[in-house]
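J.: Pasting a structure below so you can have a look.
The values are calculated or read from the model by the stated rules, or taken from the named source; none is laboratory data. The model shown is predicted, which means the values in this text are computed figures rather than measured ones. Cβ placement follows ideal geometry from the backbone for every residue including glycine, while neighbour counts extend to all protein chains displayed.
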Ligand code: S3P
């Protein structure tokens, strides 16, 4: 077990972050669906993306360890995996791949680690059944067994706004007869829609009481792309900068459906600016610049799927903000890699924060002088990295146990913090 030790210090400077995890999973799966050779530069190489690469290889797709070059005969040439596919800690791998497995006439079994086995899967099983696949979960959880083929397009109402589930249904729809409309209760991140549109897929969207995405059968062409930096990874550096100094993160994806965190930090008084510089496969790319700023507490709508991954960082910022910050409507947080309401509250409370748990969120009163302590990230990459940033503003030493779990999305996070001047 690796323990990361963080001492009070500040960050300053310019850096980049690993390729977007969401876009990496999608680019790999789209490349594996295409007949021909696809080149992906700048892929995020955390353990989650590695899980997707290994699962795609099990279908006979030829991909090197760094994921850069995918040679596939197209999804119709995929072969039955010899064993159960191990999605490890990656909910995105399991849920999206289920949408592809639904198109295959053989049986695919998807499983994962202890954390993934606790995460709900009816949300993806039900839509795929509606499209005609035979899918079985185990009491609503992994392992899931999928026998697909002969899908028929229809309207699929998703029970929750989830980009993973939406993508599974869209990817299934690309192999179904007729039109498939995927209806989500609120717009979740739209990387899939953007990538498909820029690859020429027949896709349309409508925004009203629900967000509806309609697709029909499409053969994905091979492509070349460079994955932008992960804005959810950049969020750790933005937080460190707002709390202790400054940071400029270059080449980061600034997709509008991923900007809720920046909006909330600005509402708290944080000095964060975005410069959009170019476009890649439908995704805007630019720089994020953040500077040390005095903060005030705010009320956050935790039902916005665009902020879920960053709510642990909002909790940390709130400990240093004047007044009360309330996050409500964020029940989905309990269903992530850990119960993130519980792990945020326990982690920050161990550092002396005044934070109270709600059924669907938390309340933080600030500002509080945090005190270094031994903290447990609950095996969750985002909690481990949030606690490391907390250590920058805590007295004494903050020791984050099991820090290797941060490698799920960002192996080497601590090296980037150190490069920016943090004492880690
Ligand atoms: C993701 C969607 C989000 C997010 C996850 C990645 C994706 O989950 O929390 O880290 O790449 O589609 P939801 O499916 O709950 O929106």
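J.: For the list (1) within 23 Å of the chain's Cα centre (by Cα); (2) more than 16 Å from the ligand (Cβ to nearest atom); (3) buried (at least 22 other Cβ atoms within 10 Å of the Cβ), I need the number of the one condition that residue 308 fails.
T.: Tallying (1) within 23 Å of the chain's Cα centre (by Cα); (2) more than 16 Å from the ligand (Cβ to nearest atom); (3) buried (at least 22 other Cβ atoms within 10 Å of the Cβ), residue 308 fails exactly one: (2).
J.: Still on this structure: Any chance segment 210-227 includes a residue that's within 16 Å of the ligand (Cβ to nearest atom), surrounded by fewer than 19 Cβ atoms within 10 Å (Cβ to Cβ) and in the same structural domain as residue 35 (by TED's automatic domain parsing)?
T.: yes
J.: Related question: Sort out for me the helices (runs of 4 or more DSSP H) sitting completely within segment 36-151 that have 2 or more residues that are under 26 Å from residue 229 (Cα atoms) and out of contact with any strand residue (DSSP E or B) (no Cβ under 8 Å at 6 or more places or on another chain).
T.: Details: elements: 47-58, 91-101, 114-117, 122-130.
The helices (runs of 4 or more DSSP H) meeting that bar are 47-58, 91-101.
J.: Going by the structure shown, is residue 107 surrounded by fewer than 22 Cβ atoms within 10 Å (Cβ to Cβ) and in contact (Cβ under 8 Å) with a residue 24 or more places away in the chain?
T.: Details: surrounded by fewer than 22 Cβ atoms within 10 Å (Cβ to Cβ): yes; in contact (Cβ under 8 Å) with a residue 24 or more places away in the chain: yes.
Considered against the rule, which asks whether it is surrounded by fewer than 22 Cβ atoms within 10 Å (Cβ to Cβ) and in contact (Cβ under 8 Å) with a residue 24 or more places away in the chain, residue 107 comes out as yes.
J.: Taking into account only those residues within segment 403-418 that are surrounded by fewer than 21 Cβ atoms within 10 Å (Cβ to Cβ) and not in a helix (DSSP H, G or I), which is farthest from the chain's Cα centre (by Cα)?
T.: My answer is 412.
J.: Follow-up. Can you name the residue in segment 319-352 that is more than 15 Å from residue 298 (Cα to Cα) and over 24 Å from the mean Cα position of the chain (by Cα) and, of all such residues, is farthest from the ligand (Cβ to nearest atom)?
T.: 352
J.: Tally time: how many residues in segment 2-40 are in contact (Cβ under 8 Å) with a residue 60 or more places away in the chain and under 19 Å from the mean Cα position of the chain (by Cα)?
T.: 15
J.: Looking only at residues that are part of a loop (DSSP other than H, G, I, E, B) and within 13 Å of residue 99 (Cα to Cα) in segment 166-205, which one is nearest to the ligand (Cβ to nearest atom)? Let's see the steps before the verdict.
T.: Taking segment 166-205 first, the residues part of a loop (DSSP other than H, G, I, E, B) are 174-176, 178, 185-190, 199-202.
So of that shortlist, the ones also within 13 Å of residue 99 (Cα to Cα) come out as 174-176.
Numbers: 174: 16, 175: 19, 176: 20 Å.
Applying the filter and picking the extreme gives 174.
J.: Okay, moving on. I'm told residue 378 meets every condition in (1) surrounded by fewer than 24 Cβ atoms within 10 Å (Cβ to Cβ); (2) touching a helix residue (DSSP H, G or I) at 6+ places or on another chain (Cβ under 8 Å); (3) in a helix (DSSP H, G or I); (4) touching a residue at least 24 places away in the same chain (Cβ under 8 Å) except one. Can you identify the failing condition by its number?
T.: Here residue 378 clears every test but (3).
J.: Can I ask one more? What number of residues within segment 136-165 satisfy the criterion of being more than 16 Å from the ligand (Cβ to nearest atom) and buried (at least 22 other Cβ atoms within 10 Å of the Cβ)?
T.: 3
J.: Same structure, new question: Those residues that are at positive phi, in contact with a helix residue (DSSP H, G or I) (Cβ under 8 Å, 6 or more places away or on another chain) and not assigned by TED's automatic domain parsing to the domain that holds residue 414, I need them from segment 6-61; list them, please.
T.: Correct list: 60 only.
J.: Out of 91, 99, 44, which single residue is within 13 Å of the ligand (Cβ to nearest atom) and modelled with pLDDT under 95?
T.: Working: 91 fails: modelled with pLDDT under 95; 99 fails: modelled with pLDDT under 95.
Matching residue, one of 91, 99, 44: 44.
J.: Determine whether segment 275-291 contains at least one residue that is more than 16 Å from the ligand (Cβ to nearest atom), in contact with a helix residue (DSSP H, G or I) (Cβ under 7 Å, 6 or more places away or on another chain) and over 30 Å from residue 203 (Cβ atoms).
T.: First, the residues of segment 275-291 that are more than 16 Å from the ligand (Cβ to nearest atom): 275-280, 284-291.
Okay, now just the ones that are also in contact with a helix residue (DSSP H, G or I) (Cβ under 7 Å, 6 or more places away or on another chain), so 288, 290-291.
Pick out the ones that are also over 30 Å from residue 203 (Cβ atoms) and you get 290-291.
The answer is yes, given that some residue of segment 275-291 is more than 16 Å from the ligand (Cβ to nearest atom), in contact with a helix residue (DSSP H, G or I) (Cβ under 7 Å, 6 or more places away or on another chain) and over 30 Å from residue 203 (Cβ atoms).
J.: When you check residue 245 against the structure, is it in contact (Cβ under 8 Å) with a residue 12 or more places away in the chain and in the same structural domain as residue 261 (by TED's automatic domain parsing), yes or no?
T.: It is true that residue 245 is in contact (Cβ under 8 Å) with a residue 12 or more places away in the chain and in the same structural domain as residue 261 (by TED's automatic domain parsing).
J.: Condition first: in contact with a strand residue (DSSP E or B) (Cβ under 7 Å, 6 or more places away or on another chain) and on the phi < 0 side of the Ramachandran plot. Now tell me which residues in segment 173-190 satisfy that.
T.: Our first condition is that a residue be in contact with a strand residue (DSSP E or B) (Cβ under 7 Å, 6 or more places away or on another chain); within segment 173-190, this holds for 173-174, 176-184, 186-187.
173, 174, 176, 177, 179, 180, 181, 182, 183, 184, 186, 187, listed by residue number.
J.: Is it the case that segment 103-113 has a residue that's under 19 Å from residue 214 (Cα atoms) and assigned by TED's automatic domain parsing to the domain that holds residue 211?
T.: As a first pass, look at segment 103-113 and keep what is under 19 Å from residue 214 (Cα atoms): 103.
Okay, now just the ones that are also assigned by TED's automatic domain parsing to the domain that holds residue 211, so 103.
Yes: one or more hits.
J.: Please go through segment 138-159 and pick out each residue that is under 21 Å from residue 117 (Cβ atoms) and modelled with pLDDT under 95.
T.: Answer for segment 138-159, where residues must be under 21 Å from residue 117 (Cβ atoms) and modelled with pLDDT under 95: just 159.
J.: (1) crowded, with 19+ Cβ neighbours inside 10 Å; (2) over 26 Å from residue 340 (Cα atoms): which one isn't true of residue 60, the others all being true?
T.: Exception for residue 60: condition (1).
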